[in-house]
Amino acid sequence: MTARQPPPLDLGVGIGLRVPHYAAILAEHPHVDFFEVISENFLIEGGKPLYHLDRVLEHYPIVQHGVSLGIAGPDEPDRTYLTRLKALARRTKTPWVSDHFCWSGAGGAHLHDLLPIPYTPEAVRRTVERARMIQDFLEVPFALENASSYLTFRSSTMSEWEFISEVADRADIGLLFDVNNVYVSAYNHGFDAHEFVRSVPHQRIFQIHLAGHTNLGTHIIDTHNGAVIDPVLDLYRQTIALAGSVSTLIEWDDDIPALPVLLAEAERARHVRDEGLALRDGRPLPVAAASTTAAVARTDVTGWKQGGPRESAAHETVR
Amino acid sequence: MSDGLSALQQRMAEALREQHSLPQHAQWSAFAEQHIAGNARLSPAQQLEIYREQFWLRHTSALVEDFPGLGGILGQEEWEKLAEQYLTEVTPDSYDLRDLGARLPEVIERATWLSHQALCLDMARLELAYIEVFDARDTPPLSPERLATIPEEAFADARLVIAPSVRLLSVRYPVGNLRRKLRASADQTVPIPGPGQQHLVVYRLERQLWDMPVSKVAFTFLAGLASGKTLGAAAELAVDGPEAEAELSSSIGAWLQEWTVKGLVSDVA
């Protein structure tokens, strides 16, 4: 088995690598601690996406985050997918590879969604077995992220935080702790977000995600389409106070703003992170940073796709 | 792995691919009531419906994004109808949404209700070729100097390796130009062209996509090379009469030079 503890290094505060920012990133090399890429956008053999990835790798650390593993699904993990994922991990030298606590298809069908899991001993067993196998196969530390969900199952016999804690401990993997997803699911299912934050194994948190969302009143959709709202930052501060300095990433995948806006959002997160670390160490809080962006309230949720637009043939000018 | 968990997931996956709203559907509402908790704001079927809507929105928007030329021909209403037919008949089975439209041409062939079926078929094939060429494996192009090192007596038996980022396409409509016009036109009011057969070489050069019309003789010759035939055998394949023979013999040197410079040839075997 691959040694995977203690948790990996703290990379600082990063942002998702998104196509609309490529030109500015490659021309200006802005200060960003690290970038996260959606693995599936680069599980290809050549062309422009890998060219751009290699150029970014010349200047920044990159971590890989996947959306297609569907680890808790009825079908066994796709070996071709895992083989390509491993090859990409070698190319990027990512310190860890992550995906989600979810399933994505059944009977060979791939639904390209992060579907919710019934929190049962049967689902724990299945997820643990596969997480161990995947971590050994990839030969890099592996982490799973708590996904947002819009329904819960009657058959669940434990809370979400009990489920992810048991899987992480038994499989000996890391957690990618998405604080916004905690907030979204807490709203959708009426649980206490702070209890979730308090209850997970903090020493296993490899990375934190922060993002905006869309509140439709009846439920919140995890759209990644705006600034991080203050209640989510409060949960983040609490998480850092409990977990210590953990690599933190801002996700912004829809209505993607200009790069300076995203960088300012990262600085806002960095300030809250400093506050969390001060709380942890019993130090006075740093002076508050100004809020850079108002939370975006949207009601037009369309076919949202994690990772923003792909770099694809459709956007090319064919000569 | 046949168990309660898998059975539940299998049924839920079927529900999410339903075309119609689940809360209106008695069978799926009963399924949701049985398995999903619901809350004070949303019934179990309404919660399941959130995921069903996302399935259709996500996949329809992926198709619209990948096939802008097809969308330009069809307009929104017909395009949505075709996307619905496609997603009903073809199960998405790849982890990569890039592969979603791979079987669009075969569904278009069955979609006899389409206003411009043959044109749509050509456009879908062309746009699929762009998708495949865009991120195909990188290979260093063969240098013209290396090509020149083939001794004359060995020329007929030499095999040229065509780069993985090359696709050959015979179309009945000038879809390459139509797609360019559609993309350049903000309101997409572009006249539908009449038929006009073209032999297209779709390729990638320095990370840019290109489509290049070539003559039928050049196309057949290049297709022969791409299928692994020797230069001699590919030439025989391309020659179906005296005119073709004259064209081939007068142009073969220039073709090979051009194709090498454009990165279509990656090696000599």
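The values are calculated or read from the model by the stated rules, or taken from the named source; none is laboratory data. Everything numeric in this text was worked out from a predicted model, so none of it was measured. Using ideal geometry, Cβ is built from the backbone for each residue, glycine included, and neighbour counts are taken over all protein chains shown. For the accessible areas, the whole protein counts, side chains as well, though only heavy atoms, and no ligand, DNA or RNA atoms are used. Shrake-Rupley method; radii C 1.70, N 1.55, O 1.52, S 1.80 Å.
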Kirkwood hydrodynamic radius over Cα pairs of chain B, then Stokes diffusion coefficient at 4 °C and 1.567 mPa s, in µm²/s
59
Return the calculated 222 nm mean residue ellipticity for chain A, to the nearest 500 deg cm²/dmol, obtained by summing -39500 (n - 2.57) across DSSP H runs with n ≥ 4 and dividing by the residue count.
-11500 deg cm²/dmol
With Cα coordinates, the longest principal axis of chain B makes an angle with the long axis of helix B:26-35, in degrees rounded to 10, of 80
Sorted on mean Cβ neighbours within 10 Å (highest first), peptides B:115-122, A:176-183 come out as A:176-183, B:115-122
Using a Förster distance of 22 Å, the FRET efficiency for residue B:258-residue A:51 (Cβ separation, nearest 0.05):
0.35
Tally up the carbon and sulfur contribution to the accessible surface of region B:10-96 as a whole percent, 1.4 Å probe, everything protein left in place.
47
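For region B:120-269, just run the numbers: alpha carbon Rg, then divide by 2.2 N^0.38 Å, N being how many residues it has. Walk me through the numbers on the way to the answer.
Numbers: Rg = 16.5 Å, N = 150, 2.2 N^0.38 = 14.8 Å.
Against the empirical 2.2 N^0.38 Å value, I get 1.12 for region B:120-269.
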For the pair residue B:57 and residue B:153, how long in nm is the line joining their label points, each one 7 Å along Cα→Cβ?
7.1
Calculate, axis by axis, the spread of Cα positions in region A:223-278 along the three principal axes, and write the results as whole Å, longest axis first.
32, 20, 17
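Any chance you could run the full-extension gain for residue A:86 through residue A:158? It's 0.36 nm times the residue separation minus the Cα-Cα distance, nm to one decimal.
Details: separation 72, 0.36 × 72 = 25.92 nm, distance 3.27 nm.
That works out to 22.7 nm of additional length.
Count charges around residue B:23 for me, please; just the other residues with Cβ under 15 Å from its Cβ, Lys/Arg as +1, Asp/Glu as -1. If you can, show how the numbers build up before the last one.
On the way: positive: B:41, B:52; negative: B:18, B:33, B:49, B:53.
Taking every Cβ under 15 Å from that of residue B:23, the sum is -2.
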So what's the angle, to the nearest 10 degrees on a 0 to 90 scale, between helix B:44-66 and the longest Cα principal axis of chain B?
20
The protein assembly as shown pair-distance distribution - Cα-Cα, 20 Å bins, rounded %:
19, 48, 27, 6, 0
Please list the helices of chain A that count as membrane-span-like by this rule: a mean Kyte-Doolittle hydropathy of at least -1.0 together with Cα atoms stretching 24 Å or more along the helix axis, each helix being a complete DSSP H run.
A:121-138, A:259-281
In nanometres, the difference between 0.36 nm per residue of separation and the alpha-carbon distance of residue B:116 and residue B:138 is 4.3 nm
Order these peptides, B:70-83, B:21-34, by their mean beta-carbon neighbour count within 10 angstrom, highest first.
B:70-83, B:21-34
Which FRET efficiency value, to the nearest 0.05, do you get for residue A:261 and residue B:206 by plugging their Cβ-Cβ distance into 1/(1 + (r/R0)^6) with R0 = 41 Å?
0.80
Nearest 10, in degrees from 0 to 90: the angle of helix B:175-184 to the longest Cα principal axis of chain B is 60
Computed log₁₀ I(q)/I(0) - Debye formula, equal Cα scatterers, no solvent, region A:26-120, q 0.15, 0.17 Å⁻¹:
-0.65, -0.79
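For B:16-22, what's the mean count of beta carbons from other chains sitting within 10 Å of each residue's beta carbon? Don't skip to the answer; put the middle values down first.
Working: counts 6, 2, 0, 0, 0, 0, 0.
Counting other chains' Cβ atoms within 10 Å and averaging over B:16-22 gives 1.
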Note down, for region A:135-253, the three equivalent ellipsoid semi-axes (square root of 5 times each alpha carbon gyration tensor eigenvalue), biggest first, whole angstrom.
22, 18, 14
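Above 33 Å lies some portion of the pair distances; for chain A, what is it as a whole percent of all C-alpha pairs?
Values: 10069 of 50721 pairs.
More than 33 Å apart: 20 percent of the Cα pairs in chain A.
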For region B:151-194, Rg(Cα) over 2.2 N^0.38 Å is 2.04
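Residue by residue through B:91-102, how many Cβ atoms from other chains fall within 10 Å of the Cβ on average? Please report the intermediate quantities before stating the final value.
Details: counts 6, 6, 5, 6, 17, 10, 9, 7, 1, 2, 0, 0.
Average neighbour count from other chains, rounded to a whole number: 6.
What accessible area per residue comes out for chain B, rounded to a whole number of Å², with a 1.4 Å probe?
46
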Compute the distance in nm between two label points, each set 7 Å from the Cα along the Cα-to-Cβ direction, one at residue A:139 and one at residue B:94.
2.8
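Determine the shielding of peptide A:140-146 by partner chains: average, over its residues, the number of Cβ atoms on other chains within 10 angstrom of each Cβ. Mind dumping the intermediate values first?
Details: counts 0, 0, 0, 0, 0, 0, 0.
Rounded to a whole number, the mean comes out at 0.
Counting only other residues whose beta carbon sits under 15 Å from that of residue B:257, what net charge do I get with K and R as +1, D and E as -1?
Details: positive: B:146, B:262; negative: B:145, B:258.
Counting the neighbours of residue B:257, the net charge comes to 0.
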What total accessible surface area, summed over both chains, is buried at the interface between chains A and B, computed with a 1.4 Å probe and given in Å² to the nearest 100?
5600
Can you give the extra length, in nm with one decimal, that the chain gains between residue A:58 and residue A:26 once fully stretched, where that is 0.36 nm per residue apart less the Cα-Cα distance?
10.5 nm
Percent of all alpha-carbon pairs of region B:60-100 at distances over 12 Å, whole number, is 58
Based solely on its DSSP helices, what 222 nm [θ] is calculated for chain B when runs of n ≥ 4 H residues each add -39,500 (n - 2.57) and the sum is averaged over all residues, nearest 500 deg cm²/dmol?
-17500 deg cm²/dmol
